[in-house]
1. What is the angle, in °, between the Cα long axis of helix 267-277 and the longest principal axis of the Cα atoms in the chain? Nearest 10 is fine, range 0 to 90.
2. Between Glu334 and Asp389, 0.36 nm times their residue separation minus their Cα-Cα distance comes to what?
3. Please give the peptides 354-363, 123-132, 398-407, 98-107 ranked by average Cβ packing (other Cβ atoms within 10 Å per residue), highest first, as a rough proxy for protection.
4. Considering the dipole of the chain built from charges on the beta carbon (Lys and Arg +1, Asp and Glu -1) around the Cα centre, which of Val244, Leu140, Thr206 is farthest to its positive end?
5. Please report the antiparallel percentage of the DSSP beta bridges confined to the chain, to the nearest 5.
6. When all protein chains stay in place, what accessible area (Å², nearest 10, 1.4 Å probe) is found for Met375?
7. Express the carbon and sulfur contribution to the solvent-accessible surface of the chain as a percent, rounded to the nearest whole number, probe 1.4 angstrom.
8. Using only the Cα atoms of region 282-441, what do you get for the radius of gyration and for Dmax, in Å?
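The values are calculated or read from the model by the stated rules, or taken from the named source; none is laboratory data. Model, not experiment: these values are computed from the prediction. Every residue, glycine as well, gets a Cβ built from its backbone with ideal geometry; the counts of neighbours run over all protein chains shown. Note: areas computed on protein heavy atoms with side chains; ligands, DNA, RNA excluded. Shrake-Rupley method; radii C 1.70, N 1.55, O 1.52, S 1.80 Å.
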Amino acid sequence: MNKISHRAYFALILACVLLLGAVAFTGRYFAQADQWVGHSGNMHIYDNSGNLDVNLSIRDRDGTMLYSTQDGRTFADDSETRKAVLHLTGDRNGNIPSILLDEYGGDLIGYNKLTGLHGTVAQEGDEILTVSAEVQRAALSALGDYAGAVGVYNYKTGEILCAVSTPTFDPDNVPEIEGNPAYEGVYVNRFLQSTYTPGSIFKLVTTVAAIEQLPDWDSRTWTCEGSCKIGNDTVYCHGYHGTVTMEEALAHSCNVAYAQIAAELGEDVLKQYVSQLGICDRLSFDGYRTRAGSFTLEDSPDFDVGWAGIGQHDDLINPCQYMTFMGAIANGGEAASPYLVKQVTSNDKTTYQAKTTMLEETINARTARKLRDMMRNNVQTMYGAITLDLPVCAKSGTAEVSADGSVTNATFAGFIDDEDYPLAFVVVVENGGSGSETAAPIANTVLWECIDVLDAE
Ligand SMILES: [Zn+2]
């Protein structure tokens, strides 16, 4: 009897192990089958020499070929396009991975989780991106020799029109990268996978908090005499702004006024808004996960709170995430979640179609409207570099990245408040000096190109 019950227990344990195994496999199957099917050991897809038997292509929004698996790997026809989209297509050696192709591998070869490869594998797979090669080239050319990032997206649909990261190189003519300072960090997609000290574009976050938390913000004034003491330290301004309203303080990017506003709001309120607006969160789309930002105040002295409120201290933001914050202000408080892949077809059959989804983080619609007006005033009174005859709203930043302030990143972020051109943007130029002088003209050039592309569609 004892023996039988032992056997029964043993059988039960075995059954449980089997069941757990089956559950684990099913879970992994549904999560990872798309990647498994593209494995180089799959003889349905690869020939005996390990080359893809299927022709997979990545194209821009107009159908221009950017990358194809034909004859090994083929990139775009011209060198400038190859450089401009390198961080999206990946390179030949896998130093920059082809995340967009890997993520949709199953859709490209017509693989279906339920019916498998159903005997036949596609001969053609096309992945259509939301970016425009023309806009990518314009951004690359506008950045010139600077390292940095330019992002533009449609805040109503989520389509990213521009995602450029520099430095870059021609994958068909690879330069000597090792030890060359001009190519430092070249394999990193700076738009999606890096973070930067934001500088004064961060004053927009502090402004959202001030509009909602200081009841009399609209009627108050602050006095800037070029510097002010906050706690035990001194905040310096780049000018002498006298008595200013909050709108004027934002337009002049007055550090004295904004450090005082931030210190008055306090650490907890600023942290609450950073979290509520999702500024430091990661975004996930199309196989990418953007780098998390940081806003690290913890029982900090007032000076640090003031300094953090003007985008310095230990503040770090990811350009793509900040671009979506611009989109939320533009779109009345709620922005579309960004994406890069518009459609995937396999043997001319659509296997993936992007859908617009809205980000969870929202801004109160009234606050968004006030901020929009202040950002519009910035452009009208301060940013002569913006030549578009459209309601562009923006904020510049000159982020100190060296202790003595001699090295600065130029930043510029904003949006066009227009139904036909609902575009939000971000520009970061490493060691670029002033935001309004270096980053604003780049934004202007790229937006002109975006409008041309949208008009032609
Ligand atoms: Zn000032």
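1. Relative to the chain, helix 267-277 is tipped by roughly 50 degrees.
2. Full extension from Glu334 to Asp389 adds 17.3 nm.
3. Result, highest mean Cβ count within 10 Å first: 123-132, 98-107, 354-363, 398-407.
4. Thr206
5. The antiparallel fraction comes to roughly 90 percent.
6. Only protein atoms counted, so the area is about 0 Å².
7. Carbon and sulfur together cover 48 percent of it.
8. So, for region 282-441, Rg and Dmax equal 17.8, 62 Å respectively.
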